[in-house]
Amino acid sequence: MRTVFALIIGAAALTTSPYIRLAMAHEAGEAPQVLTVPGNGDAEIRIPLGGPLYDAQAEGVARAILASDREIEVLRRRPATEPNLALLALARELRAESYRNLDLAVRVSKTSSGAAQDLVNLARDTAGAATVTATAAAPPGLELLTEITGPVGAVLHYIAKGEYDSAEPAGRRWTSYASGDRLRIGRYVFNVQPGQQPAAAAETAFEEIVLVIAEPTKRSLQPMRGPVK
């Protein structure tokens, strides 16, 4: 499968929806239909739906972002309570991150298919998280009960995802976590360190992203991946 995507950043096409734009590219009189994902201002990503530049994974991510847009619009129309506004801000943040990852994947695909694939995966994950957040039931407040565990004897610390991304590893300020702690609606990176018990001797430290959007938020973290990207 080819991994080259098509990217055109320019004036937005006319559309009946602020979220979905279907346009026709005109090259040599005939071109495949394209799926357009709007960004900020006039920026947009246009994914061909056929022809030599077609990529099914890019189309899938684009459709996932557009699906999250529809759910975010529904969330925007909910009563403007503090929990709903917090969910809306988080969903928009996730959607924007998904767009950036897909945009970057399009740009680097011409030189590194491996890097592009990683970015496509990240874009898919964050688009899905945006939809999950936008469709979540309104929680009772901003601070939510959490029940997050790791392997037997593991020691957990957490940091807000935005702080994790903006700080150098040595400058990250991790907070100790215990199951039952209340966390504000948001996205967190959890660092899981193996415990001292013999059963944990073979375990290695790992990190995992946790969405806190429900009361209670329950997660069992297991060593399936390395540092958060």
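Just so it is clear, none of the values below were taken in a lab; they were calculated from the coordinates. Bear in mind the structure is a predicted one, so any value in this text is a computation, not a measurement. FYI the Cβ positions are ideal-geometry reconstructions off the backbone, even for glycines, and counts take in every protein chain you see.
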ask   = Working out 0.36 nm times the residue gap between GLN33 and ALA205, then minus their Cα-Cα distance, what length gain in nm do you get to one decimal?
value = 57.3 nm
key: segment 21-134 - charge dipole about Cα centre, Lys and Arg +1 at Cβ, Asp and Glu -1, debye rounded to 20   = 220 debye
key: Packing-based order for 177-183, 60-66, using average beta carbon neighbours within 10 Å, highest first   = 60-66, 177-183
query = For ASN191, what charge total do you get from the other residues with a beta carbon under 12 Å from its beta carbon, if Lys and Arg give +1 and Asp and Glu give -1?
reply = 0
query = Taking a spot 7 Å from the Cα of GLU147 along the direction of its beta carbon, which residues of segment 203-219 have an amide N less than 13 Å from it?
reply = 215-219
task = Could you please state, rounded to a whole Å, how far the C-alpha centre of segment 152-197 is from the C-alpha centre of segment 43-87?
result = 29 Å
